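The values are calculated or read from the model by the stated rules, or taken from the named source; none is laboratory data. Everything quoted here is computed from the prediction, not taken from an experiment. So basically every Cβ, Gly included, is an ideal-geometry build from the backbone, and we count neighbours across all protein chains shown. Heavy atoms of the whole protein, side chains included, go into the accessibility calculation; ligands, DNA and RNA do not. Shrake-Rupley method; radii C 1.70, N 1.55, O 1.52, S 1.80 Å.
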Amino acid sequence: MSSHQALIPEPAPVGRDPMLVPVVRDRPSARTSDRVYDELVSAIRELRLAPGASLSETDLAARLHVSRTPVREAIARLVDAGLVRVVPQVGTRVGLISLRDVEEARFVRESLEVAAFEVACAIPAPDVSELRELLERQEHSYRTENYDAFFTADEALHSEIFTLSGYPGAWQAVQRMKLQLDRLRRLTLPDPAAVRELIDEHRMIVDALEAADLSTGRSLISRHARRALELGPTLRAKHPDYFTE
């Protein structure tokens with residue numbers, strides 16, 4: 001295994017590795033179960049809870065520093081959302097990655113992001129300074145091999161395109177759709193060559209936006225949105241226990 005591949009270990013089941021962030025009620029109106037739900041969704045999205053990982057209310061409550069009641073409520077919501085499954089005679093487990101759901105999320109993301117790009121291009125002299133700053137953050141993350149930071153900056157760059165278009169809420173709709181896609185994307189991140197290509201594509205997208213080059217921008221965004229899905233078969237072969245269908 002190369003030094004790059006060793007950067008991100010395979011996610012371990014809860015109870016063996018403290019991969020969860022304790023829940024803090026930072027808003028008086030926030031319900032503890034909502035905070036637990038948000039943290040578990042983030043942990044599933046980021047592969048801190050691996051596909052198929054066993055979930056125990058007792059272990060989760062201990063890791064999150066809460067009682068079992070809000071954990072039970074959050075797990076019920078996760079089951080309803082299709083992120084967690086209850087298997088008779090086996091127990092509660094994190095849902096597996098569905099390539100069918102990944103493809104649907106890709107379709108939604110690509111369609112809305114191309115539309116957001118087109119609207120942003122129509123703005124006279126759009127301010128791309130924030131996008132340039134996010135590109136520098138990605139470059140730094142790449143140089144320091146901090147792929148968690150890269151993923152955060154990657155998400156922020158795409159979010160900023162929607163903000164520039166005047167439709168930031170559309171990105172939130174995309175976020176709710178693309179959890180399966182994000183899990184697939186996370187599986188690609190230890191590959192430094194793939195990260196380099198992503199940054200280069202991001203830079204070309206920002207250049208096209210600044211130049212109001214609709215044709216180039218549409219093509220780049222479509223190719224960019226489909227990249228993770230194209231790696232799906234390879235990732236499935238490498239991590240067969242993470243996938244369904």
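Some notes on this structure:
- Criterion (open to solvent by less than 60 Å² (accessible area, probe 1.4 Å), on the phi > 0 side of the Ramachandran plot and in contact (Cβ under 8 Å) with a residue 60 or more places away in the chain) met by exactly one of Gly82, Gly52: Gly52
- In the set (1) free of Cβ contacts under 8 Å to residues at least 24 places away in the same chain; (2) closer than 18 Å to Pro51 by Cα, His239 fails one condition alone, (1).
- The range 37-46 - residue that is aliphatic (A, V, I, L, M) and surrounded by 22 or more Cβ atoms within 10 Å (Cβ to Cβ) and, of those, farthest from the chain's Cα centre (by Cα): Leu40
- Of all the criteria given as (1) open to solvent by less than 60 Å² (accessible area, probe 1.4 Å); (2) part of a helix (DSSP H, G or I); (3) touching an Asp or Glu at 6+ places or on another chain (Cβ under 9 Å), the one not satisfied by Glu130 is (1).
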